[in-house]
C-alpha cells in the first residue's frame, strides 16, 4: 500500500507540473485521473487500491461536504441578483423536471428497479459539474452571462439534489429491510433539522469571521484552514443533533457566503483543498467503480446514460427557459453543457456503501456510465461548440467587447487559470 500511495502522490505532482500544458489538448483533471485510474487500477494491477469500505465512505463524505460548502459559499445573493430570474428558472423549474423525467425513464428502462431506486437515479444524475467543461468556462468568446448561468447552476444544483438522494437511499433501505420502515420519514426530519441548523451555523460563522478579520483579531493565513474545519463541523455537529450533515454543510455555505464571511482569496484555499480530494475521488472512480460498470453493463444502462445527457437534461432546460428572452441556440448550448461529474460519482459511492441490495447492481452502473460518457462527450465538444456558439453570439451583437471580469470561478479552477484562459482569447465577456 505504501508504494500505491507514493504513486498517487507522484501522479498528483506530475499533474501539477503539466496541468496548464494539458489544456492545449483539452485534457481536464477529472478526465486525466479517470483515465489513470482505469489504466492503472484493477485491470493492470499497477494501482492496488485495497481501500476498505469505511475509507471510501469517509473520502466521499468529506469531499462532498467541502464541495457543497464551497460551491455555496462563493455565491452570495448579491452576486446572483443580475440574472436571478434565469437561475430560478433553471433551479426551480428545470432541476425538478430533470429529476422527474429521469425518475420516470429509470422506472421504465431499468429492469427490476423500485420506485425509490428510480428516484435515486433521477436525483443522483441531476446535478451538473461545470469543471468538466472547464475550457468552455474560460473561453472568452462565450458571453460571460451564459458562463455565469452554467456556473451558478452547477454550484447550487448538487446541494438542492442532495436531499432527494438522501430520501431515495432511505426509501430503498426501508423497502429492502436494511433500515426500519419509517426510514423515509426519519430522513425528512433529518433534512429539516440539517437545513435549519446549517443556516444558523453559516450566518453566525460568517459574522464572526468577518468581524474578526475586520478588527485584526484573525489572520487570513489561517482563515482558510478554519473554514475547512467549519464545513466539517457543520456536518458532524448536525449529525450529532439528529440532522442531515450534507444539507447542513450546503445551507451553511449559502448562509456564510450571503453574510460575506470571508474574501474570495480565503475561500480559494478551501476550494483548492476540496479540489485535491476531488481528484482522488476521480482516481477511485476510474480504478474501482468503472470496472464494476463494465461487469454489469446492459443495453438498458447504455440507453439511459445517453438519454440522461440529452433528453433528460435538455428538454427540462428548454422548458424552463421558454419565454426567458434567450434565443434557441443559447438554450441548446446551456442544455448541452450540463456535464455529470463529481457529485454524481460521490452519490454513487455512497450508494455502494449504504445499500446492500439488488438495486445497487442496477443503479450504480448507470450513474457511473453516465459520468464516464459525460467526461468524454463534454470534454471533446467543449472547445468546438464554445467557439461555434461564441461566433454566433458575436454575430447577434452579444459579444465580449468591453467586458468586466467574471467574478465567479469554476469549481477546482484557481483565479490564475481563469486569467490564463482570458489571455489565450482576449477579454472576458459581459
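Readers should treat all values here as calculations from the given coordinates under stated rules, not as data from a laboratory. Since this is a predicted model, take the numbers as computed values, not measurements. Reconstructed Cβ throughout: ideal geometry from the backbone, glycine too, with neighbour counts over all protein chains shown.
Look at 71, 295 and count the other Cβ atoms within 10 Å of each Cβ; fewest to most, that gives 295, 71. Taking every alpha-carbon pair under 8 Å whose residues sit at least 6 apart, region 180-336 reaches a relative contact order of 25 percent.
Take the Cα of residue 388, step 7 Å toward its Cβ, do the same at residue 88, and the gap between the two points is 3.4 nm. Scoring 139-151, 245-257 by mean Cβ neighbours within 10 Å over their residues and listing the highest first yields 245-257, 139-151. Packing around the peptides 258-264, 337-343, taken as the average count of other Cβ atoms within 10 Å per residue, puts them in this order, highest first: 337-343, 258-264. Each label was represented as a point 7 Å from its Cα along the Cα-to-Cβ direction; for residue 21 and residue 327 these points are 4.1 nm apart. Each of the peptides 385-396, 362-373 was scored by the mean count of other Cβ atoms within 10 Å over its residues; in descending order, highest first, they stand as 362-373, 385-396. As a proxy for reagent exposure, 207, 217 were ordered by neighbouring Cβ count within 10 angstrom, fewest first; the result is 217, 207. At what distance in nm do the modelled label points of residue 353 and residue 104 sit from each other, each positioned 7 Å from its Cα along Cα→Cβ? Output for this residue pair reads 3.4 nm. Each of 136, 22 was scored by other Cβ atoms within 10 Å of its Cβ. Listed from fewest to most, they are 22, 136.
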